[in-house]
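> Just dropping this structure here.
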Amino acid sequence: MSYKPQYSPLAAYLANLRPAKAAERKYTGNPVSETDIERNRELLWAHTLEKDPERDFIILNITDPHLSDTGYRVKETPEMFKTVEALIHEVQPDLITVTGDIVCDDATYHSIRRFTDFMESFDIPWAPVFGNHDDEGNCDLAYLADIMLHSPHCIMKKGDPAMGVGNYVICITEEARTVTALFMMDSHHGLVNARQTEWFSSLAAQIDEESEGNAEIAVMLHVPTAEFEHAYNAAYDPETKTYRDGYGAFGEKYEEVCCARRDGEPYEEGFFTALKNAGNVKHLICGHEHMNDFSIVWDGIRLTYTMKVGKSSGYQPGFDGGTVFTVGRGGIKRITHKTRKNDDSREFYNIEDKSLR
Ligand SMILES: [Fe+2]
C-alpha cells in the first residue's frame, strides 16, 4: 500500500500559482427554496421603506467599485471606501443602491467580505444588483449574495433562480401608499430574460392597481439596454455638440454604450416594450459604463447612467462619486451626479443637478 500525504506543500504552492478561473470556482452559494420562489411572485416579498412625509427620501447610488482580492485593486479599495464614506456623510441617504460590478477578476472571496463589512458599518439599508464582472472570480453569484445577506442592512433578495440572482422590489411608501417602486434586476451579461420580463410585467400591474395609478416604477440594473444607444443618437446633435430639445437630456458620453448587440447592432428581446406597456415606468437606471453619465427621456422613460465610484477598472477624473435620486411625494424629482472636486479631495461638487419637475 502506498502512502499518500494528506497535505502536500508543493501541491499547495503550485495551486496558489494558478489563478482560480470561473470554471474552477470553489465557492458556491445556496439556491433559494421553492417557497421563496413562490413568494417572490407576490408583492408580499417586496421590501417596504417608509418615507417621512415631512421630507424627501434620499437614494444614494454607487456603481462599479470593482474590488478584487489581488493586484492594484486591493490598494485602491481603502481610497474608494473613503470616497463612499464622504458621500454618505454629505448626502445622508435613506437607502444606498449599488448597480453592479461590486467585485471582479479571478479572486473575490475576500473582497466581497470587505465590501459587505464596509457597507454594514453605516446602519443604512443597502440594496445591490449584480453586474457582468461579479461572477468572473472564484465565487458564484449565489455565494456573493449569501455573504452580503449576512449584513442585516442588506435588503437584497436572491429571487427566482430562473431569473438570475437578485431580482426583487423595494417599495418606498408614504403613509402606506407606494410612491416609487424600485425594481432591482439582474441584467446578466447584457440581457434581461423572458422570465424576468414576465415577472416584471405582472408585479408592475399589481403595483399600478394597488396604488390606483399613483406609484411610479424605477428599474435599476447594471447593463444598459439597447435604448440607451437609440436615445443618445436621437437626442445628441454632433454638429452643434448639444442635445436637441424635447429629450430632457443632460450629462456626458465619453465611451460607447455597451449594451447587448447582434451583428454589431443594439439588441434586446422585448424588455423595454414591457417597460413601456406597463405605463407606470418613469426611470431605467444603469451602471456599467465608467465614463458615461447621460440621462435622456426615451419613449416616456428616463434612461440614466449613474456615476462610477473609485479608480478601479477604468476611470477618468471627474467620474468618481455617486448619483443621488431625490424622491418627493410624487416620486423621483431630482437627479444629481456628485463627483470628487479633484483627485486628492473627498469633497464633491454636483457635476449634474437636474430637477425633473
Ligand atoms: Fe460592467
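> Cα centroid distance between the stretch 317-357 and the stretch 79-153, in Å?
20
> In what sequence, highest mean first, do 225-235, 81-91 appear when ranked by Cβ atoms within 10 angstrom? Each step should come with its number before you reach the end.
Working: 225-235: 21.1, 81-91: 17.6.
Result, highest mean first: 225-235, 81-91.
> Would you kindly derive the ³J(HN,Hα) couplings of the stretch 181-186 from the backbone phi angles with the Karplus curve 6.51 cos²θ - 1.76 cosθ + 1.60 (θ = phi - 60°), listing them in order in whole Hz, with x for Gly and Pro?
9, 9, 8, 9, 10, 8
> For Tyr236, enumerate residues with amide H under 5 Å from its amide H, sequence gap 5+ or separate chain, H modeled in the peptide plane.
Residues meeting the amide H criterion: Arg244.
> A further question on this structure: How large is ³J(HN,Hα) for each residue in the stretch 316-324, as worked out from phi by the Karplus curve 6.51 cos²θ - 1.76 cosθ + 1.60 (θ = phi - 60°), to whole Hz, x for Gly and Pro?
So the J values, rounded to whole Hz, are 9, x, x, 10, 8, x, x, 10, 9.
> Taking amide H positions as placed 1.01 Å from N in the peptide plane, with prolines and chain starts having none, which residues 5 or more places from Val281, or on another chain, fall under 5 Å of its amide H?
Here the answer is Ile217, since their amide H atoms fall under 5 Å of that of Val281.
> If each DSSP helix of 4+ residues adds -39,500 (n - 2.57) and the sum is divided by the residues in the chain, what number results at 222 nm, nearest 500 deg cm²/dmol? Could the numbers behind the result be given before it?
Details: 8 runs with 91 residues, N = 357.
Rounded to the nearest 500, it is -8000 deg cm²/dmol.
> If you don't mind, another one. Quick check on the stretch 126-276: take the gyration tensor over C-alpha atoms, sort the square-rooted eigenvalues as a ≥ b ≥ c, and tell me if it's rounded (a/c under 1.5), prolate or oblate.
oblate
> Does the stretch 189-275 come out rounded, prolate or oblate, given a ≥ b ≥ c as the square roots of the eigenvalues of its C-alpha gyration tensor, rounded meaning a/c under 1.5 and, failing that, prolate meaning a/b above b/c?
Working: a/c = 2.93, a/b = 1.47, b/c = 1.99.
Cα axes put the stretch 189-275 in the oblate bin.
> When the chain is fully extended, how far beyond the present Cα-Cα distance does Glu79 get from Arg113, taking 0.36 nm per residue of separation? Don't skip to the end; give the middle numbers.
Details: separation 34, 0.36 × 34 = 12.24 nm, distance 1.68 nm.
Here the segment from Glu79 to Arg113 would lengthen by 10.6 nm.
> Quick one: of the DSSP bridges fully inside the chain, what percent are antiparallel, nearest 5? Don't jump to the answer; show the numbers that get you there.
Working: 37 of 66 bridges.
Of all bridge pairs located within the chain, approximately 55 percent are antiparallel.
> Report the gain in length on full extension from His89 to Lys333: 0.36 nm times residue separation, minus Cα-Cα distance, nm rounded to one decimal.
Working: separation 244, 0.36 × 244 = 87.84 nm, distance 2.15 nm.
Value of the extension gain: 85.7 nm.
> Report, in debye and to the nearest 20, how large the dipole of the chain comes out about its Cα centre when Lys and Arg carry +1 and Asp and Glu carry -1 on their Cβ. Spell out each step's value before the answer.
Details: 37 positive and 58 negative charges, 131 e Å.
With Lys and Arg at +1 and Asp and Glu at -1, about 620 debye.
> Okay, moving on. Specify whether the C-alpha gyration tensor of the stretch 34-355 places it in the rounded, prolate or oblate class, a ≥ b ≥ c being the square roots of the eigenvalues: rounded for a/c under 1.5, otherwise prolate if a/b is larger than b/c and oblate if not. Intermediate values should be presented prior to the final figure.
Working: a/c = 1.23, a/b = 1.06, b/c = 1.16.
It comes out rounded by the Cα gyration axes.
> Under the rule of at least 5 residues apart or a separate chain, name every residue whose amide H is placed under 5 Å from the amide H of Leu67.
Excluding prolines and chain starts, which carry no amide H, the hits are Val103, Cys104.
> A 23 angstrom limit on the alpha carbon distance is what I want to check against. Which of Lys51/Lys341; Lys75/Lys341; Lys82/Lys338 exceed it? All intermediate terms of the calculation are to be shown ahead of the outcome.
Numbers: Lys51/Lys341 31 Å; Lys75/Lys341 21 Å; Lys82/Lys338 15 Å.
Checking Cα-Cα distances, Lys51/Lys341 exceed 23 Å.
No lab work stands behind these numbers, since they all come straight from the coordinates. The shown structure was predicted, so the numbers you read here are calculated from the model rather than taken from an experiment. Note: ideal-geometry Cβ built from the backbone for every residue, glycine included; neighbour counts use all protein chains shown.
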